[in-house]
Amino acid sequence: MVSRVRVWLNRTYAENVFFMDQLRRNPCGRAVEIHATHGDPDSPILAAADTAALEPEGLSPAAYVEYALDQCARHSIDVFVPVLHQAALAGHREDFAAVGTALLAPPVEAVQTFQDKVVAYEAVRELGVPVPPWWRVRTADELITAVDALEAAGHKACFKPASGAGGVGFRIITRTPFSLMHLNGFPSPYMPLDLVVEALRGADEPVDWLVMPRLGEPEVSVDCLTGPDGRVRMAVGRTKNGRRRGFTLDSAWIEPSRVLAEAFGLHYLTNIQFRMFGDEPVLMDVNTRPAGGLHQLSQCGINAPWAAVRLALGEEPGDLVPPFLGQDYAVVSGPRAVRPVSVQQRADLDLPVTAPDTAVGTQAAQAPRTAHAAQPSDSPLTV
């Protein structure tokens, strides 16, 4: 009799309820039990798991490693899929192996390279993969210099934190004076340059921003699955052009992704994002974790989470080539259960929970969000 597989997802984004669904519905018919932890008691991740626990707050990365090792030992975790403190955890791969747990994460060197976007862009450019022009900005004067240079070249300037995930902190610079236009409708990412400069000059400490041209659509997120041997088993692009989403195997996106995955040892599930700079696809970001929209590949006949777990267990899933490319689609939100516990629940108490049998609606048509997770589908919850 084949034993069940025990998988742990630590503090992660709400869309990973679909990741969990796919593990349970794996094509091998293997029994999978899922343990989940989070800092938000109302995260649907906790309700979807077989067992769940609230994570203690305020742990340093080193203390979190000790917490994680204890969780793995106490819950007999076979495969751990870390998001929070991924670099610190990846640096202790052998310690997790000693308690019988495989880490579904790239080597620590790869994680650290892509934590800082400037370091990443410099390393990627050396490989010959195109990147957009960028300026690292820490002061108001540096910001003005970067914006002036971009606008002189006919580009619209934007900025985001040099270290960060998803679209958190992304803003687009405008010369339009602040007015009621900025207060009408939904909040806008556009920020008047004079207000940003004023905020920087009044700040108590410097920022660390990446200033670059606003890149054009389509945005293409390439989901990759790479083995510890460095060989890519899967590379499928998901296109985003406004509301419309789709899939692609175009070499313009796929080949640079394969180069990056192999060169930097981006083992297991990673997500490599591109946009257009003029007529050229350029790298936008590399996520050393499964993307929130990974489950959408089910529309192409692929169960990527299960293939990754098999790789982590030392099994060979083979190459994952889509038998077909699913039709274009849009992402809409839908309800998902949360567990019926008080927000005063003690953080050190593990509770068994019942996972709903199915999501409401189809996977490709949803991106369920809580009040804590109103972010793009590839963005993690704030942790």
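Couple of notes before you dig in:
- Per residue value of the accessible surface for the stretch 31-86 (all protein chains in place, 1.4 Å probe), Å²: 30 Å²
- Ranking 69, 241, 3 by Cα position along the charge dipole of the chain, where only Lys, Arg, Asp and Glu carry charges on their C-beta atoms, puts 241 farthest toward the positive end.
- Here the stretch 117-148 is scanned for amide nitrogen atoms under 15 Å from the site 7 Å beyond the Cα of residue 201 along Cα-to-Cβ, giving 139-145.
- Sites listed here are trypsin sites (Lys or Arg not before Pro) in the stretch 217-248 whose DSSP assignment is loop and whose Cβ has at most 15 other Cβ atoms within 10 Å: 231, 243.
- For residue 142, solvent-accessible area (1.4 Å; no DNA, RNA or ligand), Å²: 80 Å²
- A simple charge model with +1 on the Cβ of Lys and Arg, -1 on the Cβ of Asp and Glu and nothing else charged puts the dipole of the stretch 6-158 at about 440 debye relative to its Cα centre.
- Cα gyration tensor shape for the stretch 1-104, rounded if a/c is under 1.5, else prolate or oblate: oblate
- Computed with a 1.4 Å probe over protein heavy atoms only, the accessible area of residue 178 comes to about 110 Å².
- Longest to shortest principal axis, alpha-carbon extents of the stretch 147-238, angstrom: 53, 31, 29
- Fully extended contour minus Cα-Cα distance, from residue 316 to residue 180, at 0.36 nm per residue: 43.1 nm
- Farthest toward positive dipole pole in the chain [+1 Lys/Arg, -1 Asp/Glu at C-beta], among 306, 124, 322: 322
- The charge dipole of the chain, taken about its Cα centre with unit charges on the Cβ atoms of Lys, Arg (+1), Asp and Glu (-1) only, comes to about 940 debye.
- When the square roots of the Cα gyration tensor eigenvalues are ordered a ≥ b ≥ c, the ratio a/c for the chain is 1.5 or more and a/b exceeds b/c, which makes its shape prolate.
- Look at the Cα gyration tensor of the stretch 204-339: its axes a ≥ b ≥ c give a/c under 1.5, and that counts as rounded.
- Comparing 328, 229, 42 in a Gaussian network model of the chain (Cα springs below 10 Å), the most mobile by mean-square fluctuation is 229.
The values are calculated or read from the model by the stated rules, or taken from the named source; none is laboratory data. From a predicted model like this one, the values you see are computed outputs, not experimental measurements. Cβ sites come from the backbone with ideal geometry, for glycine too, and all protein chains shown count toward neighbours. SASA here: full protein model, heavy atoms, side chains in, ligands and nucleic acids out. Shrake-Rupley method; radii C 1.70, N 1.55, O 1.52, S 1.80 Å.
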